[in-house]
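Engineer: Mind having a look at this structure? Questions to follow.
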Amino acid sequence: MYFTMIAETWHGFKRSAQIFRLKAAMNGALSWEGLTKLRKRRWANRLFAMIAALAANCSLPADAGTLAAQVTEARRLRAQGAAAASIKIYESVLAHSKASLVPSLLSLVLLEESQTALSLGDYQRSADRAAESALIFDQAHDLANLSSALNTVGLARLYRGEYDSALKSFERSLQIERERSNGDAEAARLNNIGNVYFFQGKYLDALREYERAMNRVAAGQEQPWAPRRRQLTLANTAILYEQLGQDQRALSLYRQIGAESPALPPGEQAQLISNMGTLYRRLGDPVKAMKAYAHARELFAKDKHADGEIGVLQNIGIALALDLADLKGAFNAFTKAGEFARKTSNQREVIQSALFRGEALYRMKRLPEAAMEFHAALEGATRMGTGEERWRALYGTGRVLIAQGKLAEGAADLKTAIAEVERVRSDLGQLKAEFLASKRDLYDAAIGVLLDKKPISIDDLLALIEQARSRTFREMFRGGSAHMDLHSVQSRLRPGTLLLDFWVGQSRMAVISITHESASVNQGPIAPGGQWLSGILALTQPGVRHVIVIPDGILQTVALEALPAGNTLLIERAAVSYLPALFLLGTAPPPSHTPSPPWQPQLLAFANPVMDGHLLPGDQQWTPLPKSLDEVRSIAAELPGRAELHAGGDDLKRYIKARPLLHFSTHAVADARNASNSRIVFSPDRATPESRYLFWREAQALNLHGVDLVTLSACDTESGTMIRGEGIQSFSRAFLAAGAGATITTLWKVADGPTAEFMKQFYYALSRGESKAEALRTAKLRFLHSGSELAQSRYWAAFVLNGEGENPIPWVLSWEKLWLGIGAILISIALTAAAARRLRRL
């Protein structure tokens, strides 16, 4: 899957979506009005040219002409794409002439530098310079340029992730433009506000702002700016629908833009069409994708946008290789991209082209030629100091060497590549979850080499498997990054517990089986029917009472307890729980043996959300869940502690707080493509209408420390986006990262009635003091042995336990036991007093 590792860079869908947003937002930021009455760059250039002429022919200071020449040169460099050189000139001007510049010119220089820094990704410098210019414009009551400066501040802070401050800047700029009746800028600011909500995952709010922008465009439809602003707003809306998984609606909007008279420059049209090509590929239509890419390439060529043309050629090569199995055609496309890169002296794209060609040759079994391309890429990456391309090239050379039978040399290159990945990763600090997704093939190749060595080092294998997955998830936990060797793992396992740590590669899989006393490694092919997996489960010894599974790859979607283990199912042999990663083993605090009083809160439950009001596209088909109210009432009746129930119109997200037990009986969506779009629904809240959803990232950010168990009684909540090298981004991971000790989630949809009965059985077992894993097993066995339709695995196997499962829930003293205790104490006191009185009489 190497092509997907280096595919579609910024030219792919996600990055191109961000670029499209930046272009849409920046269009309003490049406004030059107010004191100078400038709206185009040529007018600014004329201003500085006039200054230079005056300095040469009149009595202005000599350095004024130098200043004008410097600023003009900075603008020329920026127009040619040399933004870094342009920044240096602006900095020089400000360093030497800032005190002598009149405020009107100083503010323009500051604003230009801020916008240049924004294009370079230097968001802190951009925000600082734009804020400084905004103060000057504000003092001069220059509303037009003040609005532009505020917009630039907002953009810089948006891309720094400072959403609240970005929103404030955009809203103030919007207010100014409304006062000025500037429809073009007003629509641009509304788009920018929508983008803030988009990046926060507040999709309903983002959609509302895009609709407002579209209404503003409609109000000014006769104005010359309206067609372009309309198409940019439609593009943002299309990208939002793609995020929501509404691909057909997104494609419809793209087609709508394409059917209109072109209002965008050729480069922006090309980027839009490239977006469509990637969307066609996602929808399984590579032929239309190729047509879209070809059209985009023509437009990029017309716009003389070399980088864009290189990117489209790479996308064409990827589609040919992955979708159309045309490796020779892919090689030719990558070669053309490399030729363009050399003509434009784009050394990084030259290296990328060598990597692509090397991969195509490797897949065509032309190993010597592939080695030459990978070595050329390695030399270029080493010369440029680019770690990303360097490890990819080493991964390529390592695989070629292994294919040639040079195992030791190949393993050495893979080891060096992994060291480079780890170095790059540590330098990045807090990473996106996707960082290791494209690196998983590299780790898999190294794991395969370890498995082929005899004897197998279990310590080395454990370390490499842990490096290969769930890294971002692990870094959310304090102390979660420490490596656990075999001895550490065994010391944390209780007698009677078996740990199964799985690895799934391209064509084979392996499992490390560990108990308190022993450890072994088994490997086998990935074959239909799962015979090898069932054979592994059959090795479960009679004394094993609890099996902890760390799944990998496709196994993360499988209920292993429902598989045969010999002549019985695994669930009939032992309780089963899951961990996303090895480091979670033993992280839960020891159980408390001190009971809590019955008046302290134990359960916080949510049920039966109101299904009217504004719902996201695709959610309108949801119906009320009356059985869910019965479910939470029966659960509360089983538990001894105080319960707080929120149902119907009172089922509001703002009531979520840390309690020992959290229970959600509701509707949910697990987005297989975009984890940020996974969501749990609540009733609409009049106080905060946008808060009827709890999105995945919001759940991850909750403070659930002190919560022992979160139960999500809703459909598909153990599903989600699968990120190679990280795992499924399910709600169980979100709640564990938020601090919960364990979660119950579902692998697939289960009907409302059976779910309510299952939860009643589960909480009944919990209330009797069984461990969480054993209580879940009890409920499953009651369904399995019920002799009814509920015995089918589709009714009980969907429910899985992630996290700590060996302890019972915190002990709460019931009122009955409390009164019995108080009564016993009172009787004891009375008997003692009676005995004392008798003694006194004697």
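Engineer: Output the residue which, of all residues in region 360-395 that are small (Gly, Ala, Ser) and under 20 Å from residue 321 (Cβ atoms), is surrounded by the fewest Cβ atoms within 10 Å (Cβ to Cβ).
Structural biologist: 376
Engineer: Further, regarding this structure: What is the one condition in (1) closer than 24 Å to residue 363 by Cα; (2) of a type outside the set (A, V, I, L, M, F, W, C); (3) modelled with pLDDT under 90 that residue 307 does not satisfy?
Structural biologist: (1)
Engineer: Pairs only if they're at least six apart or on different chains, beta carbon under 6 angstrom, first in region 273-284 and under 14 Å from residue 318 (Cα atoms), second open to solvent by 30 Å² or more (accessible area, probe 1.4 Å) and in a helix (DSSP H, G or I); list them, first residue then second.
Structural biologist: These pairs meet every condition: 280/288.
Engineer: Right, something else. Could you identify the single residue in 147, 133, 173 that is in contact with a Ser or Thr (Cβ under 7 Å, 6 or more places away or on another chain), at pLDDT below 90 and hydroxyl-bearing (Ser, Thr, Tyr)?
Structural biologist: 133
Engineer: Have a look at 166, 188 and point out the one that is among the aliphatic types (A, V, I, L, M), within 20 Å of residue 118 (Cα to Cα), in contact (Cβ under 8 Å) with a residue 40 or more places away in the chain and open to solvent by less than 10 Å² (accessible area, probe 1.4 Å).
Structural biologist: Going through 166, 188 in turn, the sole match is 188.
Engineer: Additional query: Give, as residue ranges, the strands (runs of 3 or more DSSP E) completely inside region 550-667 that count at least 2 residues that are surrounded by fewer than 16 Cβ atoms within 10 Å (Cβ to Cβ).
Structural biologist: Because the criterion is at least 2 residues that are surrounded by fewer than 16 Cβ atoms within 10 Å (Cβ to Cβ), the strands (runs of 3 or more DSSP E) in region 550-667 that meet it are 642-648.
Engineer: Given the criterion over 24 Å from residue 585 (Cα atoms), in contact (Cβ under 8 Å) with a residue 12 or more places away in the chain and not hydrophobic (A, V, I, L, M, F, W, C), identify the matching residue among 788, 793.
Structural biologist: Criteria check complete, one pass: 793.
Engineer: Same structure, new question: Just to check your reading of the model, which residue among 379, 359, 373, 349 is part of a helix (DSSP H, G or I), without any contact (Cβ under 8 Å) to a residue 60 or more places away in the chain, of a type in the set (Asp, Glu) and under 30 Å from residue 451 (Cβ atoms)?
Structural biologist: Just a single option satisfies the conditions, and that option is 373.
Engineer: Looking only at region 221-248, which residues are open to solvent by less than 10 Å² (accessible area, probe 1.4 Å) and either out of contact with any Phe, Trp or Tyr (no Cβ under 9 Å at 6 or more places or on another chain) or outside any helix (DSSP H, G or I) (or both)?
Structural biologist: Answer for region 221-248, where residues must be open to solvent by less than 10 Å² (accessible area, probe 1.4 Å) and either out of contact with any Phe, Trp or Tyr (no Cβ under 9 Å at 6 or more places or on another chain) or outside any helix (DSSP H, G or I) (or both): 226, 229, 231.
Engineer: Based on what the data block shows, is residue 702 closer than 15 Å to residue 664 by Cβ, open to solvent by 10 Å² or more (accessible area, probe 1.4 Å) and modelled with pLDDT of 90 or more?
Structural biologist: When the stated conditions are applied, residue 702 passes them.
Engineer: Suppose we filter region 686-699 for residues that are touching a residue at least 12 places away in the same chain (Cβ under 8 Å) and open to solvent by 10 Å² or more (accessible area, probe 1.4 Å); how many remain? Write out each step before concluding.
Structural biologist: Here is the first cut: in region 686-699, the residues touching a residue at least 12 places away in the same chain (Cβ under 8 Å) are 687-699.
From what's left, open to solvent by 10 Å² or more (accessible area, probe 1.4 Å): 687-691, 695, 697-698.
Qualifying residue count, region 686-699: 8.
Engineer: Where the second residue is among the polar types (S, T, N, Q) and in a helix (DSSP H, G or I) and the first is more than 10 Å from residue 156 (Cα to Cα) and lies in region 104-125, which pairs have Cβ atoms under 6 Å and are six or more apart or on separate chains?
Structural biologist: 107/133; 110/133; 111/133; 116/86
Engineer: Another question, if that's okay. Taking region 751-775 as the search range and keeping residues that are aliphatic (A, V, I, L, M) and open to solvent by less than 20 Å² (accessible area, probe 1.4 Å), which one is farthest from the chain's Cα centre (by Cα)?
Structural biologist: Step by step, filter region 751-775, then rank; the result is 765.
Engineer: How many residues are within 13 Å of residue 661 (Cα to Cα) and open to solvent by 10 Å² or more (accessible area, probe 1.4 Å) when one looks only at region 728-739? Walk me through how you get there before you give the answer.
Structural biologist: Keep residues of region 728-739 that are within 13 Å of residue 661 (Cα to Cα), which gives 735, 739.
Next, only the ones that are open to solvent by 10 Å² or more (accessible area, probe 1.4 Å) stay: 739.
Selection size over region 728-739: 1.
Engineer: Between residues in region 236-262 that are closer than 17 Å to residue 280 by Cβ and residues that are in a helix (DSSP H, G or I) and open to solvent by 50 Å² or more (accessible area, probe 1.4 Å), which pairs lie under 7 Å by C-beta distance while being six or more apart or on different chains?
Structural biologist: Pairs found: 241/249; 247/282.
Engineer: Related question: Limited to region 404-430, what total is found for residues that are open to solvent by less than 20 Å² (accessible area, probe 1.4 Å) and at pLDDT below 90?
Structural biologist: Qualifying residue count for the region: 2.
Engineer: If you don't mind, there's one more thing I want to ask. Applying the selection to region 191-204, what residues are in contact (Cβ under 8 Å) with a residue 60 or more places away in the chain and either open to solvent by less than 10 Å² (accessible area, probe 1.4 Å) or more than 18 Å from residue 238 (Cα to Cα) (or both)?
Structural biologist: Correct list: 191, 192, 195, 201, 203.
Engineer: Kindly evaluate residue 401 against the criterion of being surrounded by fewer than 24 Cβ atoms within 10 Å (Cβ to Cβ) and within 29 Å of residue 290 (Cβ to Cβ).
Structural biologist: Spelling it out, it is not the case that residue 401 is surrounded by fewer than 24 Cβ atoms within 10 Å (Cβ to Cβ) and within 29 Å of residue 290 (Cβ to Cβ).
Engineer: Within region 511-549, take every residue that is touching a residue at least 40 places away in the same chain (Cβ under 8 Å) and in a loop (DSSP other than H, G, I, E, B) and give me the one that is most open to solvent (accessible area, probe 1.4 Å).
Structural biologist: The residue in question is 545.
Engineer: Please count how many residues of region 121-143 are aromatic (Phe, Trp, Tyr) and open to solvent by 40 Å² or more (accessible area, probe 1.4 Å).
Structural biologist: 1
Engineer: Can you tell me which residue among 747, 781, 712 is touching a residue at least 12 places away in the same chain (Cβ under 8 Å) and open to solvent by less than 10 Å² (accessible area, probe 1.4 Å)?
Structural biologist: Of 747, 781, 712, the one residue that is touching a residue at least 12 places away in the same chain (Cβ under 8 Å) and open to solvent by less than 10 Å² (accessible area, probe 1.4 Å) is 712.
Engineer: Continuing with this model, one more query. Take the residues in region 62-95 that are modelled with pLDDT of 75 or more and of a type in the set (Lys, Arg), then tell me which one is most open to solvent (accessible area, probe 1.4 Å).
Structural biologist: By that ranking, first place goes to 88.
The values are calculated or read from the model by the stated rules, or taken from the named source; none is laboratory data. The structure displayed is predicted, hence computed values, not measured ones. No Cβ is skipped: glycine too gets one built from the backbone with ideal geometry, and neighbour counts run over all protein chains shown. Each accessible area value is taken on the protein alone, full model and side chains, heavy atoms only, with ligands, DNA and RNA left out. Shrake-Rupley method; radii C 1.70, N 1.55, O 1.52, S 1.80 Å.
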